[in-house]
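Undergrad: Can you keep this structure in mind? I'll have questions shortly.
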Amino acid sequence: WYLPSFDELNEMYNTIGNGGSESNIGDFENNWYWSSSEVNNNYATVVNFDNGLTYTNSKDNAYRVLVIRSF
């Protein structure tokens with residue numbers, strides 16, 4: 001189990017999340033999710049599964065995590 005990278009998380013949003021043609025068949029919460037893609041020691045990238053927005057934010061913030069076994 002691991003935290004997906006930004007690219008993996010973004011692809012999940014675009015295929016089985018709200019960005020997919022079948023609209024959220026993965027049944028994800030409409031919320032921000034952390035990726036494992038770090039900008040530096042203090043910042044990492046998050047993806048919003050409501051609308052697909054991405055953002056770099058401080059690791060001090062609390063967001064949801066989505067762990068995956070394989071991609």
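The values are calculated or read from the model by the stated rules, or taken from the named source; none is laboratory data. Everything numeric in this text was worked out from a predicted model, so none of it was measured. FYI the Cβ positions are ideal-geometry reconstructions off the backbone, even for glycines, and counts take in every protein chain you see. Only protein heavy atoms, including side chains, enter the accessible area calculation; ligands, DNA and RNA are left aside. Shrake-Rupley method; radii C 1.70, N 1.55, O 1.52, S 1.80 Å.
Undergrad: In debye, nearest 20, what is the charge dipole magnitude of the chain about its Cα centre with +1 on Lys and Arg Cβ and -1 on Asp and Glu Cβ, if you could check?
TA: So the magnitude is around 160 debye.
Undergrad: What does the charge count near residue 3 come to, summing +1 for each Lys or Arg and -1 for each Asp or Glu among other residues with Cβ under 13 Å from its Cβ?
TA: Value of the local net charge: 0.
Undergrad: Looking at the chain only, what percent of DSSP beta bridges run antiparallel? Nearest 5 please.
TA: 90
Undergrad: I would also like to ask the following. Which value in Å is the Kirkwood Rh of the chain over different Cα pairs?
TA: One decimal place: 12.0 Å for the Kirkwood radius.
Undergrad: Moving on to the next point. Under the rule of at least 5 residues apart or a separate chain, name every residue whose amide H is placed under 5 Å from the amide H of residue 59.
TA: Close amide H contacts, sequence-distant or interchain: 43, 44.
Undergrad: Still on this structure, I have one more. Rounding to the nearest 10 and keeping the result within 0 to 90°, find how far the Cα-based axis of helix 6-16 lies from the longest principal axis of the chain.
TA: The answer is roughly 20 degrees.
Undergrad: If I ignore ligands, DNA and RNA and count only protein heavy atoms, how much of residue 8 is accessible to a 1.4 Å probe, in Å² to the nearest 10?
TA: Solvent-accessible area, nearest 10 Å²: 40 Å².
Undergrad: Right, next: Where is the GNM fluctuation largest for the chain (alpha-carbon springs, 10 angstrom cutoff): 35, 21, 58?
TA: Ranking 35, 21, 58 by mean-square fluctuation puts 21 first.
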